[in-house]
Amino acid sequence: MAIVMQNPSLCTVGGWKQQLLCSCVVVLACLVTAGAGAQASPESRVTPEVQKLYAEAKTAQAQGDNPRAIEKYRAMLKLAPRLAAAYNNLGILYFNQGNYADAVGVLEQGLKVNPSMPSASAILGTSLFEMGEYAKAEAPLETALGGNPADDHAEMLLARTDVNLKKFSAATTHLNNLVKRDPKNQQAWYLLGKSYLQLSQEALTKVNQIDPNSVLSHEIGGEVDESLHNYDEALVEYKKAIDIAPRQPGTHYHMANAYWVMGKWNSAAEEFRAELTNDPRNCSARWKMANSLFAADTPADQVLPELNQALQYCPNLMQAHVDRARVLIKLSRPADAIEDLLIAVKDEPNEPSIHFLLATAYKAQGKTTEYQAELHKFGELQRGVSAAAAERASDAMTIKESSK
């Protein structure tokens with residue numbers, strides 16, 4: 001006969017632990033025949049007494065009496081100390097109780113008897129992970145995953161272990177495997193993004209270590225300051241990069257963009273123009289220069305050629321289409337503006353400002369039906385934006401009040 005170590009009470013915890021435990025079904029012993037019994041060592045033989053203890057353990061588990069079940073398994077192992085599957089199931093019982101230290105001790109003994117138990121390796125690695133022993137958890141989790149490469153739970157735990165050990169490159173390998181198998185795995189996507197972010201930070205730190213006074217180092221420093229809204233500090237870093245390489249494409253663009261974000265239109269336009277001297281086909285720089293000029297009340301007929309040129313190089317630059325439409329409306333050319341806006345609205349159908357500009361252009365043409373339709377669409381989208389903002393403000397207020 002075969003004794004199978006399987007019992008519903010092993011699957012009583014929730015979430016990923018439940019699925020892990022329910023996957024750990026192990027055969028206690030092979031068929032016990034006269035010949036097999038003769039060949040088995042006394043320490044691993046499934047005797048009638050061992051079978052009786054297993055039945056009692058199974059009954060205890062079914063009744064929710066885990067301490068008694070543990071007692072029976074320990075008695076089994078005294079009679080048959082090389083019965084590897086019994087270690088596995090005893091380890092599961094300890095794990096199920098949250099007694100990770102005892103689970104580790106028992107499972108390590110079982111794996112010495114039989115290293116080819118992926119389920120035992122999985123629970124050993126999980127127990128060590130729960131204890132915060134990440135360096136020790138790595139090897140058994142790798143063994144478990146090697147035994148079943150499609151085991152999402154082992155792979156996720158191994159990825160989390162790598163993240164905790166700051167082995168971000170290894171973590172990305174496992175996380176990419178997980179999102180390929182389940183593209184809706186939010187935790188995997190989150191950890192993947194976090195790991196790539198850490199790798200990016202490590203790489204940028206290395207750039208600075210190689211030469212802290214290089215153009216790249218100053219640009220990185222400026223980007224970090226800019227991301228923290230420390231614009232004055234960012235401008236200092238970008239100015240240092242320009243001083244080192246005034247003719248290098250990109251140096252003036254960084255400073256220009258910081259001015260642009262700050263709304264300093266004249267300074268932004270000046271730096272974008274300097275960038276275009278170094279890189280005449282930089283359509284983003286040309287569009288933003290035109291945008292800055294228009295915001296600084298430069299005559300529309302002087303801005304239009306710059307937008308035309310930006311779109312000549314980059315016809316899919318939607319922001320330039322919108323800005324050119326704004327300029328054309330100001331120049332009383334609504335029909336031409338509509339052409340640009342219809343291109344833009346295909347790319348951004350839910351952007352309220354595009355529908356407002358369309359309404360303005362249709363009104364200038366006397367197209368009442370189209371004007372009213374676009375104005376209605378603008379109002380609908382704008383109310384959605386306002387409602388979302390109000391909801392966020394309400395949530396923030398609720399959290400603030402509850403923390404008093």
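The values are calculated or read from the model by the stated rules, or taken from the named source; none is laboratory data. In this text the structure is predicted, and so the values were computed from the model without any measurement. Note that we place each Cβ from the backbone using ideal geometry, even for glycine, and neighbour counts take in every protein chain shown.
Please enumerate the residues belonging to the stretch 248-306 that are aliphatic (A, V, I, L, M), buried (at least 23 other Cβ atoms within 10 Å of the Cβ) and within 18 Å of Y231 (Cβ to Cβ).
M255, A256, A258, A268, A269
List every residue pair whose Cβ atoms sit under 8 Å apart, with the two residues 6 or more apart in sequence or on different chains, where the first one lies in the stretch 303-320 and is of a type outside the set (A, V, I, L, M) and the second, anywhere, is assigned to a loop (DSSP other than H, G, I, E, B).
Cβ pairs passing all conditions: Y313/R281.
Could you figure out which of (1) modelled with pLDDT of 50 or more; (2) under 30 Å from D151 (Cα atoms); (3) buried (at least 16 other Cβ atoms within 10 Å of the Cβ); (4) out of contact with any Lys or Arg (no Cβ under 8 Å at 6 or more places or on another chain) isn't true of C24?
All conditions are met except number (1).
Name the residue that is farthest from the chain's Cα centre (by Cα), counting only residues in the stretch 51-64 that are touching a residue at least 40 places away in the same chain (Cβ under 8 Å) and assigned to a helix (DSSP H, G or I).
In this case the residue turns out to be Q51.
If Q365 satisfies all but one of (1) within 29 Å of K264 (Cβ to Cβ); (2) polar (S, T, N, Q); (3) touching a Pro at 6+ places or on another chain (Cβ under 9 Å); (4) surrounded by fewer than 15 Cβ atoms within 10 Å (Cβ to Cβ), what's the number of the condition it fails?
(1)
Just checking: which of the helices (runs of 4 or more DSSP H) contained wholly in the stretch 233-339 hold 1 or more residues that are in contact with a strand residue (DSSP E or B) (Cβ under 9 Å, 6 or more places away or on another chain)? It would help to see each step written out before you state the result.
Numbers: elements: 251-262, 265-278, 283-295, 300-313, 318-330.
So the answer is none; nothing clears 1.
Among the residues of the stretch 224-231, is any of a type in the set (D, E) and at pLDDT 95 or above?
no
Has the stretch 317-338 got at least one residue that is more than 30 Å from E380 (Cβ to Cβ), crowded, with 17+ Cβ neighbours inside 10 Å and within 37 Å of the chain's Cα centre (by Cα)?
Within the stretch 317-338, not a single residue is more than 30 Å from E380 (Cβ to Cβ), crowded, with 17+ Cβ neighbours inside 10 Å and within 37 Å of the chain's Cα centre (by Cα).
In the stretch 119-152, which residues are under 23 Å from the mean Cα position of the chain (by Cα) and of a type in the set (V, I, T)?
T126
Matching residues to (1) polar (S, T, N, Q); (2) within 30 Å of A258 (Cα to Cα); (3) modelled with pLDDT of 95 or more:
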| position | (1), (2), (3) |
| --- | --- |
| S119 | yes, no, no |
| K136 | no, no, yes |
| P149 | no, no, no |
| D152 | no, no, no |
| H174 | no, no, yes |
| L178 | no, no, yes |
| Q186 | yes, no, yes |
| S195 | yes, yes, yes |
| A203 | no, yes, no |
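Does the stretch 100-118 contain at least one residue that is closer than 18 Å to R68 by Cβ and β-branched (V, I, T)? Before you say what the answer is, go through the steps one by one.
From the stretch 100-118, those closer than 18 Å to R68 by Cβ are 102-103, 106; that's our starting set.
Pick out the ones that are also β-branched (V, I, T) and you get 106.
Yes, that holds for at least one residue.
I'd like the full set of residues that are part of a loop (DSSP other than H, G, I, E, B) and either out of contact with any strand residue (DSSP E or B) (no Cβ under 9 Å at 6 or more places or on another chain) or within 17 Å of T161 (Cβ to Cβ) (or both), limited to the stretch 106-133.
So in the stretch 106-133, the residues part of a loop (DSSP other than H, G, I, E, B) come out as 114-117, 131-133.
Within the stretch 106-133, N114, P115, S116, M131, G132, E133 qualify.
Only one of G110, G146, G132, G105 is surrounded by fewer than 21 Cβ atoms within 10 Å (Cβ to Cβ), farther than 27 Å from L199 by Cβ and of a type outside the set (D, E, K, R); which?
Residue meeting the stated conditions: G105.
Somewhere in the stretch 366-378, is a residue among the hydrophobic types (A, V, I, L, M, F, W, C) and under 16 Å from I329 (Cα atoms)?
For the stretch 366-378, residues among the hydrophobic types (A, V, I, L, M, F, W, C) and under 16 Å from I329 (Cα atoms): absent.
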